[in-house]
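Asker: Starting off with a structure, shown below.
Only the coordinates and a few stated rules stand behind these numbers; no lab work does. Bear in mind that the values here come from a model prediction, so they are computed numbers and not experimental data. No Cβ is skipped: glycine too gets one built from the backbone with ideal geometry, and neighbour counts run over all protein chains shown.
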Amino acid sequence: MTPGEQRTLTAVRAELARLVRYDDESVVHDAWIRQRYQGGYAETYAPARREAVATAWHEAGHAVAALAVGARFSSASIRTGGRSAGRVHSIAGGGADAFVIAAAGQVAEGLRGWTLPSADAEVRAWLAGWRDDGGDARRFRAGLAATRFAGDEAAAWRHCVDLLTPLRLQVRSLARGLLAWPRHLPYAVAADLAGFGVPAR
């Protein structure tokens with residue numbers, strides 16, 4: 001971790017400690033609220049807050065999944081613009097488990113409110129409607145071809161849920177870091193906030 005990354009991590013942790021008693025919507029930095037409102041992505045500040053929280057969980061899901069399967073990325077951000085409300089930048093690696101990273105944003109959003117589909121029919125119906133998600137749905141399906149889940153999207157989805165559910169608190173920790181900090185979080189900072197320690201370079 002570089003000295004600059006260490007300073008960022010220290011500042012983010014201090015801010016999270018100050019806001020520890022507040023819910024997720026209350027820790028959203030003003031920069032994210034204004035950016036969504038002034039950019040025309042939200043009609044008022046209230047939906048801007050809600051959208052920022054959903055995005056933070058989504059992007060934290062991608063990042064935590066990447067860390068869990070041994071992939072790397074350059075940074076994570078919830079800056080909205082164009083076709084994206086946030087992004088985990090330059091993901092590389094993951095091998096045969098890369099499909100987990102693609103699904104993790106949606107899984108994390110479901111874990112936030114414990115609203116994931118559970119019955120087989122619910123899972124299959126949800127997957128049938130999952131098409132337009134910034135490329136995540138396409139990457140998820142494309143990644144199954146060379147795995148034991150080829151041809152069985154529902155089993156692959158359940159694998160993603162089983163992998164990420166025990167990591168829910170780590171997703172939440174990183175999501176709150178993304179919400180409280182007004183800039184992107186570098187890989188090393190995100191990894192530490194998510195409980196994976198300071199990665200070796």
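Asker: Between ALA96 and ARG18, what is the label-point separation in nm under the 7 Å Cα-to-beta-carbon projection?
Answerer: Simple spin-label model gives 4.8 nm for this pair.
Asker: For the chain, what's the relative contact order in percent, using C-alpha pairs closer than 8 Å and at least 6 residues apart?
Answerer: Relative CO of the chain lands at 30 percent.
Asker: Between VAL69, VAL107, LEU178, whose Cα lies farthest towards the positive end of the dipole of segment 3-193 when Lys and Arg beta carbons carry +1 and Asp and Glu beta carbons carry -1, centred on the Cα centre?
Answerer: LEU178
Asker: Then there is this: Could you compute the net charge surrounding ARG112? Neighbours are other residues with a C-beta less than 9 Å from the C-beta of ARG112; K and R count +1, D and E count -1.
Answerer: Net of charged neighbours comes to 0.
Asker: Work out from phi, with θ = phi - 60° and the Karplus expression 6.51 cos²θ - 1.76 cosθ + 1.60, the ³J(HN,Hα) of each residue of segment 32-41, listed in order in whole Hz, and give x for Gly and Pro.
Answerer: The phi angles translate into 6, 5, 4, 4, 6, 6, 5, x, x, 8 Hz.
Asker: Can you compute 3J(HN,Hα) from phi for each residue in segment 105-115, using the Karplus curve 6.51 cos²θ - 1.76 cosθ + 1.60 with θ = phi - 60°, rounded to whole Hz and x for Gly and Pro?
Answerer: Taking θ as phi minus 60°, the curve returns x, 5, 4, 5, 4, x, 5, 4, x, 6, 10 Hz for segment 105-115.
Asker: Compute the signed sum of charges (Lys and Arg +1, Asp and Glu -1) over the other residues within less than 10 Å, Cβ to Cβ, of SER77. Intermediate results must be reported in sequence, preceding the final value.
Answerer: Working: positive: ARG79, ARG87, ARG183; negative: GLU59.
Once all neighbours under 10 Å are counted, the net charge is +2.
Asker: So, one more: Cα axis of helix 153-164 to longest principal axis of the chain: angle in degrees, 0 to 90, nearest 10?
Answerer: So the inclination is approximately 40 degrees.
Asker: If you average the C-alpha positions of segment 150-179 and of segment 69-112 separately, how far apart do those two centres end up, in angstrom?
Answerer: 11
Asker: Here is a follow-up. Report the net charge of residues surrounding SER26, where surrounding means a beta-carbon distance below 13 angstrom and charges are Lys +1, Arg +1, Asp -1, Glu -1. Before the final figure, lay out each step's value.
Answerer: Numbers: positive: ARG18, ARG21, ARG49, ARG50, ARG176; negative: GLU15, ASP23, ASP24, GLU25, ASP30.
Spelling it out: positives minus negatives among the neighbours equals 0.
Asker: Can you compute the label reach from GLN38? Point 7 Å from Cα along the Cβ direction, backbone N cut-off under 19 Å, restricted to segment 80-104.
Answerer: Flagged as within label range: 80-82, 85-86.
Asker: Run lengths n ≥ 4 of DSSP H only: what is the helix-derived mean residue ellipticity at 222 nm for the chain, with -39500 (n - 2.57) per run over all residues, to the nearest 500?
Answerer: That comes out to -18000 deg cm²/dmol.
Asker: At a Förster distance of 30 Å, what's the computed FRET efficiency of ALA145 paired with LEU169, Cβ-Cβ distance as r, to 0.05?
Answerer: 0.40
Asker: Separate question: In whole Hz, what ³J(HN,Hα) sequence does segment 80-92 give by Karplus (6.51, -1.76, 1.60; θ = phi - 60°), x for Gly and Pro?
Answerer: These are the phi-based 3J(HN,Hα) values: 9, x, x, 9, 10, 8, x, 6, 9, 8, 6, 5, 9 Hz.
Asker: Once the Cα gyration tensor of segment 3-193 is diagonalised, what are the square roots of 5 times its eigenvalues, in whole Å and ordered largest first, as equivalent ellipsoid semi-axes? Write out the running numbers ahead of the final one.
Answerer: Values: eigenvalues 152, 70, 45 Å².
Listed largest to smallest, the semi-axes of segment 3-193 are 28, 19, 15 Å.
Asker: With bins 10 Å wide starting at 0, give me the P(r) of segment 1-75 over every alpha carbon pair, in whole percents.
Answerer: 17, 35, 39, 9
Asker: Under unit Cβ charges (Lys, Arg +1; Asp, Glu -1), what dipole magnitude, rounded to 20 debye, does segment 3-193 have relative to its Cα centre?
Answerer: Details: 24 positive and 20 negative charges, 86 e Å.
Here the size comes out at about 420 debye.
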